[in-house]
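Heads up: the structure comes next, in structure tokens.
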Number of protein chains: 6
Amino acid sequence: MRVDGRVATELRQVTIETDYIKHPEGSVLISMGDTKVICAATVEDRVPPFLRGQGKGWITAEYSMLPRATEQRNIRESSKGKVSGRTMEIQRLIGRALRTIIDLDKIGEKTVWIDCDVIQADGGTRTAAITGAFVALTLAMEKALKAGKIKEWPINDYLAAVSVGVDSEKGELLDLCYLEDAAAEVDMNVVMTGQHQFVELQGTGEEATFSRAQLNALLDLAEGGIDSLISIQQKALGSIAERIQGKKEGAQA
Amino acid sequence: MRVDGRVATELRQVTIETDYIKHPEGSVLISMGDTKVICAATVEDRVPPFLRGQGKGWITAEYSMLPRATEQRNIRESSKGKVSGRTMEIQRLIGRALRTIIDLDKIGEKTVWIDCDVIQADGGTRTAAITGAFVALTLAMEKALKAGKIKEWPINDYLAAVSVGVDSEKGELLDLCYLEDAAAEVDMNVVMTGQHQFVELQGTGEEATFSRAQLNALLDLAEGGIDSLISIQQKALGSIAERIQGKKEGAQA
Amino acid sequence: MRVDGRVATELRQVTIETDYIKHPEGSVLISMGDTKVICAATVEDRVPPFLRGQGKGWITAEYSMLPRATEQRNIRESSKGKVSGRTMEIQRLIGRALRTIIDLDKIGEKTVWIDCDVIQADGGTRTAAITGAFVALTLAMEKALKAGKIKEWPINDYLAAVSVGVDSEKGELLDLCYLEDAAAEVDMNVVMTGQHQFVELQGTGEEATFSRAQLNALLDLAEGGIDSLISIQQKALGSIAERIQGKKEGAQA
Amino acid sequence: MRVDGRVATELRQVTIETDYIKHPEGSVLISMGDTKVICAATVEDRVPPFLRGQGKGWITAEYSMLPRATEQRNIRESSKGKVSGRTMEIQRLIGRALRTIIDLDKIGEKTVWIDCDVIQADGGTRTAAITGAFVALTLAMEKALKAGKIKEWPINDYLAAVSVGVDSEKGELLDLCYLEDAAAEVDMNVVMTGQHQFVELQGTGEEATFSRAQLNALLDLAEGGIDSLISIQQKALGSIAERIQGKKEGAQA
Amino acid sequence: MRVDGRVATELRQVTIETDYIKHPEGSVLISMGDTKVICAATVEDRVPPFLRGQGKGWITAEYSMLPRATEQRNIRESSKGKVSGRTMEIQRLIGRALRTIIDLDKIGEKTVWIDCDVIQADGGTRTAAITGAFVALTLAMEKALKAGKIKEWPINDYLAAVSVGVDSEKGELLDLCYLEDAAAEVDMNVVMTGQHQFVELQGTGEEATFSRAQLNALLDLAEGGIDSLISIQQKALGSIAERIQGKKEGAQA
Amino acid sequence: MRVDGRVATELRQVTIETDYIKHPEGSVLISMGDTKVICAATVEDRVPPFLRGQGKGWITAEYSMLPRATEQRNIRESSKGKVSGRTMEIQRLIGRALRTIIDLDKIGEKTVWIDCDVIQADGGTRTAAITGAFVALTLAMEKALKAGKIKEWPINDYLAAVSVGVDSEKGELLDLCYLEDAAAEVDMNVVMTGQHQFVELQGTGEEATFSRAQLNALLDLAEGGIDSLISIQQKALGSIAERIQGKKEGAQA
């Protein structure tokens, strides 16, 4: 039995509330247990300098935590005057992952800004951010398509992310809450498409290491979690989900 | 008739949801119309260097907006590497105002951090932040008193803030939404106690000026708004409100 | 009797020395008692990006103190690598105030930079800066008009600023020196035109509050001080003052 | 055949020159083909604040490139005034990896600084940095042990890192040079111990994805590369290698 | 004949006004022609970390220009968030030069901060700053000695600085104004003691070079200028000058 | 006898290894004793804003040290977020010196970036950087000429730099190593052309001063050192040296 009563293969309760903020083109509040992240997608009519004149778009992400999202108050990065290495790693990961399931040629010279702001943290904030950001991006693309700002549907597949880890006593666990994460020997984040293709795999021994056999057990757990998350994304998207379904017969069907 | 159907002396709908985030000692989500601010109070067991060894506490505030709180996306201050002049003005104002209604000697060598994070903006974010921060601070003090961290109740009076302004056609208005604020000739923020004492008064002609008669009309409007806001604070605080009532027979009673 | 022998309604000795530095289009050294500020106005042939192509100008201000303008040496903001919140508040205030009494359409796509550098501080530096900056701006506009860089006289009215405050023993006082300012319960800065219209009103209880009656007493004091300051500005401007007189029959006449 | 004539399972030529710089406690110049990195280990007699008083040590890494290490000149991070997200990711990775194979309790309250400076880059700089840094760290520990600064040998196992990737035509490849890396669909960095335990696994689809089968093929390639690198580390260390051998019968024996 | 009517060996008009600002322990306004610099000396009762516990003091200097000290407005270094290379060179030079003529053991663990703020610039600001700073430092030491803060007179000799340069038509010139400086092929700053000992010599070919013969001619010119400047310093110091005289029979006597 | 066995007029062993890094247009590793600097020249097809449209080029230099180039580890300037005053002085000096011996009109609107990275430091890093940078620049110009990127040979003369100093016991010394530099009373850097013309002369009394006679002795020493360095540059350049010989019959012939 885990610290919050779940079994090893069980996700925390996940909810995705769409159109959570009124101004962005797409937005959600995603909750995975006590982890809560506001994800907003903004469509801007220009691209970074390195892409100008190529007729294709870009997706970039920013990630932040409110100071009291965590047990101890964090100093704001704006007050410190610089963004931490952890924040940079996470926002680079989110942007990279989302760029994998979208055809950037189809959105033209536009940048989609993905803002992931953690308002309450209890482990797994980066994976919740990716899972929520996918929905916010899809909502923004639907709006852009309806408004004629893009001509063709650009999103090819689902995208979700989940953490898995190894506890020295309980073995491999899915979707670690903060207490589990702090105690884990191995921590792994898996980002996958609806087709069970890997988009990103980041496994780290925390002053420990892991074997090939443990890796395989972790990946099996992660695939199950990804399937559940994509089902929840589909429900949140309602009829918009069909745009993605039309292209792919999802592994989770 | 105003842009959102209100009369000149009418506040927007105000709600204050207490204990909105789980980690802080006190927190609220305050909504004034479409303006939504998360206010969190953190009690830290030390004071800034200039106060050490004096046996008294401090209150400091930070204010920020999510990038898509606004119609146009704002660049994060952490990305720019510095905090804007506007943000600094607002957070200095919030801290200064809260320090007026609390007896800092009674909290001992502690700092209360007030974090006001705007998740959706539609005018009046700084006044909503003050009104919400007062409730978050009160909740944190109640928790500290119950836990024995402070010995005596430190808050002397209510504190609320509201904006008023002058429209060239509609005259003096209470609680401006963003569209009204953008069009106003004069913009004034009033911070007041439950006893109708001024804590802070900031009036600005926006490429315009105002007369003494207009000032008086604006202050009358503001007093009415402050009374209504304090009633809402009292309801949100429930029985905790009596701690403040016990000291003062509030003007709004 | 006040700490420096003045009565409550009395300004310190004020002098305005015009053309104090040789390079700027307009410059003054203003002294209010021991507070001394160099104000310089620079006319630049372009506007910030948000104004380009609109045919109108802009006024922006910067404020700084020499490290030993004060009793204790201040660390330079250039050494700290960032501008303090206090500095930002003051320079935003100066710019906003000056923009109120000038017709920005009449100066075309130009920016006037106002630099206020405090070389000696004894309270009231921001109000001295505004009062001096008005003269420096007027001198620069006269020079621009004579040189044919602007076609029409753009300044509509006088502008001056003064501090007022409440001392717990001596009551309401005009033009606080540093010792008075440090002891005051209430501190208020009033920026007014020659027509006694308010441009900016900033009143702050310093861990104290103030009543409507005290507000009125403070505003009465401030009006008197503003009248005296405008007379001194007129003398400093000499014949240039008539350009402003021609438009307005000033309340101080 | 690969762009430089290698077969898919072949490393580039690897050399490790020990004691390359005279001042550091341990240093090497590692070359993997045209990628050249100076790795230096510095032992400092104190630990970061979060570890003080616990009797254990810390390892932290910094990574940088000379501006002309690359085909196009890079702007120095010191000139930009901030460290890029990529640099932060890499230096966090190097530090984390090295902390896995050392017993930090055995070095006492010391920090080992690992500086990895790329003087010429041709792909795989972060993996070369880890492989070289392991040797520099081992040299520094040998010196510290001989000098009596540490009492017991702290390094438990070998550590090396290698890149693997998927080319759309040539399939899975070991140790990508820059041209291969730029063309790869999937890019993976594997950090492993002498016992074939994973320390870190980072796989990224570059606007592409990868299957579980591809993952397995990549990991098989990486294991072979790690074995070869550890043999080269052993040769570079000479008799010092026996300290590590004595503890572990390495998988590469 | 030079641009301002001087002969080659002639200084501009130099004045030194002592006690120019009221707060610092020593201050002057030095004018060399149209170059005007406020120099202030602050005595602080502590030394930088590298000197703690050694019983000796330190002198450090900061240099800045008001934005409109120059023909074109300069952007403030506080707004840019960093100090330029030119500023750093100058302030390091001023500090280094002053440390040469003072016995730092005699001032105990104190730091003297020298602030040189250029309020009007017309060439030679760094040499004027040094010449003025010497007087401000001497005034501060006199005050410290009288107040018993230091036990023994610490200043051993006079210190002054002057620029010399080579004009392609007019040959070697003393004390270049801005127009001369901009046209000069060679620019040299000479810092010397009253004994004609060099403290600092910085000669630069501005896209040109200079011969040993030219160097000698420039140094002869500089010596004459230094003698005149020291006479002016002596007059400004009045009876305090005797403290320095008592130790040295100055070459300029 | 000096600390490393040299006589007063003797350089340390100097080697210049050309084409040390593969990517830059010109590069060397220069060693002067234990001081080792990588100098790289990059040709960029644009000039800074202040030179645009004038048909002439620019040379700019950057200087840095690896953290363990020195006995004690230095904190990276990228980690500190700013470049030190010392670094700025040195890189300004290198750029200024190189611009003296090149005809910038002949390279067209190009910037040559000179990167000097010290990988091991033992005194005299700035003079070694200049001497090495001259060779790297010459190699880059040869390559540009052969590639037709520039039409005419732009380098007019040799350029080398050396340190000289005064030791209280041993008198004037050439080419100080770190131990000598730390003990020296006077430290001077001399940058000269092949024609024995001064390009830059920077002499500093380190809490000491120096006489005109000492200056002359130091300059005599420096001239001898410069001649030797230019001979070594000629050998390193091989046949390319003739391009410079063709223009000047060097003093060292």
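Among the residues of region C:184-205, just one is more than 8 Å from every other protein chain (Cβ to nearest Cβ), open to solvent by 10 Å² or more (accessible area, probe 1.4 Å) and touching a Lys or Arg at 6+ places or on another chain (Cβ under 9 Å), namely C:189.
Quick one: would you say residue A:137 is under 24 Å from residue D:208 (Cβ atoms), surrounded by 24 or more Cβ atoms within 10 Å (Cβ to Cβ) and either within 14 Å of chain B (Cβ to nearest Cβ) or touching a residue at least 12 places away in the same chain (Cβ under 8 Å) (or both)? For residue A:137, the condition - under 24 Å from residue D:208 (Cβ atoms), surrounded by 24 or more Cβ atoms within 10 Å (Cβ to Cβ) and either within 14 Å of chain B (Cβ to nearest Cβ) or touching a residue at least 12 places away in the same chain (Cβ under 8 Å) (or both) - is met. Can you find even one residue in region E:7-16 that is facing chain C (nearest Cβ under 10 Å) and within 21 Å of residue E:125 (Cα to Cα)? No, region E:7-16 contains no residue that is facing chain C (nearest Cβ under 10 Å) and within 21 Å of residue E:125 (Cα to Cα). Here is the figure for region A:59-73: residues that are farther than 27 Å from residue A:154 by Cα and more than 10 Å from every other protein chain (Cβ to nearest Cβ) total 1.
Within region D:206-222, track down each residue that is of a type outside the set (Lys, Arg) and surrounded by fewer than 19 Cβ atoms within 10 Å (Cβ to Cβ). The answer is D:206, D:207, D:208, D:211, D:213, D:216, D:217, D:220.
Scanning region A:107-135 for residues that are part of a helix (DSSP H, G or I), aliphatic (A, V, I, L, M) and in contact with a helix residue (DSSP H, G or I) (Cβ under 7 Å, 6 or more places away or on another chain) yields A:129, A:130, A:133, A:135. Every test in (1) surrounded by fewer than 22 Cβ atoms within 10 Å (Cβ to Cβ); (2) over 21 Å from residue C:231 (Cα atoms) is passed by residue C:20 save one, and that test is (2). Annotation note: Cβ proximity below 9 Å between a residue of region C:5-24 that is within 13 Å of residue E:119 (Cβ to Cβ) and in contact (Cβ under 8 Å) with a residue 24 or more places away in the chain and a residue that is among the acidic types (Asp, Glu) and open to solvent by less than 30 Å² (accessible area, probe 1.4 Å) (sequence gap 6+ or interchain) occurs for C:24/C:115. Against the numbered list (1) in contact (Cβ under 8 Å) with a residue 40 or more places away in the chain; (2) over 12 Å from the mean Cα position of the chain (by Cα); (3) open to solvent by 40 Å² or more (accessible area, probe 1.4 Å); (4) under 23 Å from residue E:176 (Cβ atoms), residue E:126 comes up short only at (2).
Restricting the search to strands (runs of 3 or more DSSP E) fully inside region B:162-253 and requiring at least 2 residues that are within 20 Å of the chain's Cα centre (by Cα) and of a type in the set (Asp, Glu) gives an empty result. When residue E:121 is tested against (1) within 14 Å of chain F (Cβ to nearest Cβ); (2) open to solvent by 10 Å² or more (accessible area, probe 1.4 Å), exactly one condition is not met: (1). Taking (1) crowded, with 22+ Cβ neighbours inside 10 Å; (2) out of contact with any Leu (no Cβ under 9 Å at 6 or more places or on another chain); (3) of a type outside the set (Lys, Arg) in turn, residue C:238 satisfies each apart from (1).
Residue pairs whose Cβ atoms lie under 7 Å apart, separated by 6 or more positions or on different chains, with the first residue in region A:76-105 and facing chain D (nearest Cβ under 9 Å) and the second in a loop (DSSP other than H, G, I, E, B) and β-branched (Val, Ile, Thr), are A:100/D:209.
Scanning region E:32-56 for residues that are in contact (Cβ under 8 Å) with a residue 60 or more places away in the chain and more than 8 Å from chain C (Cβ to nearest Cβ) yields E:32, E:33, E:35, E:36, E:37, E:39, E:41, E:43, E:45, E:46, E:47, E:48.
Please state which one of E:208, E:251 is modelled with pLDDT under 95, within 14 Å of chain F (Cβ to nearest Cβ) and in contact with a His (Cβ under 7 Å, 6 or more places away or on another chain). Answer to the selection: E:251. Determine if region C:142-157 includes at least one residue that is open to solvent by less than 10 Å² (accessible area, probe 1.4 Å), closer than 17 Å to residue C:233 by Cα and either free of Cβ contacts under 8 Å to residues at least 24 places away in the same chain or assigned to a strand (DSSP E or B) (or both). Looking for residues that are open to solvent by less than 10 Å² (accessible area, probe 1.4 Å), closer than 17 Å to residue C:233 by Cα and either free of Cβ contacts under 8 Å to residues at least 24 places away in the same chain or assigned to a strand (DSSP E or B) (or both), one finds at least one in region C:142-157, hence yes. Inspection of region A:41-60 identifies no residue that is open to solvent by less than 30 Å² (accessible area, probe 1.4 Å), closer than 20 Å to residue B:31 by Cα, touching a strand residue (DSSP E or B) at 6+ places or on another chain (Cβ under 9 Å) and not aliphatic (A, V, I, L, M).
The values are calculated or read from the model by the stated rules, or taken from the named source; none is laboratory data. Quick caveat, the model's predicted, so the values are computed rather than measured. Counting neighbours? That spans all protein chains shown, and the Cβs are built from the backbone with ideal geometry, glycine included. The area values use the complete protein model at the heavy-atom level, side chains included, leaving out ligands, DNA and RNA. Shrake-Rupley method; radii C 1.70, N 1.55, O 1.52, S 1.80 Å.
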